[in-house]
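Down below is the structure, laid out as structure tokens.
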Amino acid sequence: MNLFCRIVLLITFCIGVAPLHAQTEILDIGGPKFLSLTDQVPENLTSQRSLIIISVPEVEVGEFRLRGDWKTLALKSHTFFRQIGVDPIGYVYIDDLNAGPEVKNSFLSLIQSRKVKNIISVTQTGSLPNEEFSILITPFSNNEENYISSGQQAWKETHQELERVMVRLGRQILRQQIERSNFLIPEGPEYLSDLAVFNGTRYENYPSRLQSLKLAVVAFQKLEPTQDMEEYVLAQLNYYNNKVDQKNALLLEIMKNYPFKYDLVEISDADALYKAGYQYALMPLQSTGSAIKRILNYPLTPNETHQMSTAYKVNDEVTLKKIPSKANVTKYYIKQTIVKDVHVGDVWDADGSWDQALNNFVFNLRKAFKR
């Protein structure tokens, strides 16, 4: 996850002169949403099941960012949650949850089938001696489109020590006199990652019908204001949306190199895209290189430490880039919206930033059609 997304995830719009009920938080899981902070945890927190989302600082290795040791934080958190009576169905790293539109659909199906009622975000920022931990708890929205909805309530606590945050959570549960009926909580955490996403066939090519059909290109998602939104919250929303506009402008600039017709669209669901008249859609996947290869059913090399990616420079020069297999990268692919086949291209072209990954994919596609 890039620095900007991480900052957006952690922003709390807390103004000292604002009353408690006006505190607002942006949480970006499956798309950014506004949450209204409250001093109450959900009444079913210790009687129903939860999904735990973990976020830790990335580790920089050269020009790439590697995922931090998130499972250690999950293990520590699980010990406390089990004592408190919170029953997690599993722990997921935030980048896996946000890997792409179709990954979101797989996680939503899992969450619904496991009867999850609450979403809990456990976040570590900084490192010793300046690390900080926060917990945010909000209900699962239980709809088919997203994990949470803008405007719903959330409880949040932050401290330099994880144990202190958990103690405050436990005290809040006691203060609200919430009944505990979660007694069969596993001793260790279950980790959720690399869910099966595709039911169709994976092709290492580019569909020839793109020459005559418009390609749907999924735009970056903006936040929608509400009529009763306070001015200071609206200012932060406008700042966020301006950043999204910049990303979409860059997306359009890169897509100028795409040789055929396309439309920038707001929807990402394959069935909805097909109903809108699109048979093919350009989709992103964002995770570690090794995770993306598993999701897309690439052959895997045992003990692989690096991957060679075909990239393009500004002058259209082809270069092979050596990327750690555990580095956070983006890989684009084309989804067939009717039979759900995926076209990943004839080379591995993932890269450390979404814009370079898109540039790689478009230029590799152009090269393939010139043969």
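Computed values, structure above
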| item | result |
| --- | --- |
| Sole exception among (1) open to solvent by 60 Å² or more (accessible area, probe 1.4 Å); (2) modelled with pLDDT under 95; (3) outside any helix (DSSP H, G or I); (4) more than 15 Å from Val342 (Cβ to Cβ) for Ser287, by number | (1) |
| Residue within region 177-191 that is within 28 Å of Ser290 (Cα to Cα) and surrounded by 14 or more Cβ atoms within 10 Å (Cβ to Cβ) present | yes |
| Condition check for Lys313: farther than 29 Å from Val92 by Cβ and basic (Lys, Arg) | yes |
| One residue from Asn297, Asn359 being surrounded by 14 or more Cβ atoms within 10 Å (Cβ to Cβ) and assigned to a helix (DSSP H, G or I) | Asn359 |
| Single residue of region 53-79 satisfying the filter (hydrophobic (A, V, I, L, M, F, W, C) and over 24 Å from Tyr147 (Cα atoms)) that is surrounded by the fewest Cβ atoms within 10 Å (Cβ to Cβ) | Val61 |
| Residue match in region 317-332 (condition: among the hydrophobic types (A, V, I, L, M, F, W, C) and part of a loop (DSSP other than H, G, I, E, B)) | no |
| Selection from region 208-235 of residues that are touching a residue at least 40 places away in the same chain (Cβ under 8 Å), closer than 26 Å to Gly100 by Cβ and either in contact with a His (Cβ under 6 Å, 6 or more places away or on another chain) or assigned to a helix (DSSP H, G or I) (or both) | Arg209, Leu210, Gln211 |
| Where Lys322 falls short, out of the listed (1) touching a His at 6+ places or on another chain (Cβ under 9 Å); (2) surrounded by fewer than 20 Cβ atoms within 10 Å (Cβ to Cβ); (3) under 27 Å from Arg209 (Cβ atoms) | (3) |
| Criterion (touching a helix residue (DSSP H, G or I) at 6+ places or on another chain (Cβ under 9 Å) and modelled with pLDDT of 90 or more) met by exactly one of Lys331, Lys275 | Lys331 |
| Residue match in region 158-171 (condition: under 30 Å from Asp69 (Cα atoms), among the hydrophobic types (A, V, I, L, M, F, W, C), open to solvent by less than 40 Å² (accessible area, probe 1.4 Å) and modelled with pLDDT under 95) | no |
| Test: residue in region 204-215 that is open to solvent by less than 60 Å² (accessible area, probe 1.4 Å) and farther than 30 Å from Phe369 by Cα | no |
| Among (1) closer than 19 Å to Asn364 by Cβ; (2) in a strand (DSSP E or B); (3) hydrophobic (A, V, I, L, M, F, W, C) - the single one Leu251 does not satisfy | (2) |
| Every pair of residues 6+ apart whose Cβ atoms lie under 7 Å, when the first sits in region 245-261 and is surrounded by fewer than 14 Cβ atoms within 10 Å (Cβ to Cβ) while the second is of a type outside the set (A, V, I, L, M) and in a helix (DSSP H, G or I) | Pro259/Arg366; Pro259/Phe369 |
| Per-region count, region 113-157, residues surrounded by 13 or more Cβ atoms within 10 Å (Cβ to Cβ), closer than 19 Å to Leu45 by Cα and among the hydroxyl-bearing types (Ser, Thr, Tyr) | 7 |
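The values are calculated or read from the model by the stated rules, or taken from the named source; none is laboratory data. Source: prediction; values computed, not measured. Note that each Cβ is placed from the backbone with ideal geometry, even for glycine, and that neighbours are counted across all protein chains shown. Ligands, DNA and RNA are excluded from the accessible area calculation, which covers all protein heavy atoms including side chains. Shrake-Rupley method; radii C 1.70, N 1.55, O 1.52, S 1.80 Å.
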